[in-house]
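The values are calculated or read from the model by the stated rules, or taken from the named source; none is laboratory data. The model shown is predicted, which means the values in this text are computed figures rather than measured ones. Positions of Cβ are generated from backbone atoms using ideal geometry, with glycine treated the same way; all protein chains shown enter the neighbour counts.
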Amino acid sequence: MQVLARLRRWHALIGPVVVLPLLITVSSGMGYRLLRDWGGLSRDQVHGLMVLHEGEWLGPVGETFYVALNGLGLLWMLITGTGLALQGWSRRRGRPEQHESAGEGGT
């Protein structure tokens, strides 16, 4: 049980750190694709979104770190979040169902 508590704590600590880079990556990637396909904009017109998406604004070294850490952060959150969710679901399945008796059979 200590392992799960530690995992939950690390998940909660790392989550706020990775959420902004992930939101930037997702929103700029979606914006780029939707504006190109549905908005009819050219590659040059939406290049700024790709600069944000790929982390080019951080320079050549920063871009590599941005992409690597963004990917690792996403994997960490997916793996730990899935593990915590499965653990929670398995706990609920092990409990007997509780039926609400209060309020039933009203007037």
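Overview of results
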quantity	calculated
Residues of segment 10-21 satisfying the condition of being of a type outside the set (Val, Ile, Thr), surrounded by 15 or more Cβ atoms within 10 Å (Cβ to Cβ) and closer than 19 Å to Leu52 by Cα	Pro21
Flag for Gly29 being in contact (Cβ under 8 Å) with a residue 12 or more places away in the chain, of a type in the set (Gly, Ala, Ser), surrounded by 12 or more Cβ atoms within 10 Å (Cβ to Cβ) and farther than 15 Å from Leu75 by Cα	yes
Filter result for Pro96 (part of a helix (DSSP H, G or I) and modelled with pLDDT under 95)	no
Set Gly15, Gly29: member being under 14 Å from Asn70 (Cα atoms), assigned to a helix (DSSP H, G or I) and modelled with pLDDT of 95 or more	Gly29
Contacts under 8 angstrom Cβ, first residue in segment 56-67 being surrounded by 15 or more Cβ atoms within 10 Å (Cβ to Cβ), partner not in a helix (DSSP H, G or I) and not hydrophobic (A, V, I, L, M, F, W, C), 6 or more apart	Glu63/Gly55; Tyr66/Gly55; Val67/Gly55
All positions within segment 45-55 that are under 23 Å from Tyr66 (Cβ atoms) and not β-branched (Val, Ile, Thr)	His47, Gly48, Leu49, Met50, Leu52, His53, Glu54, Gly55
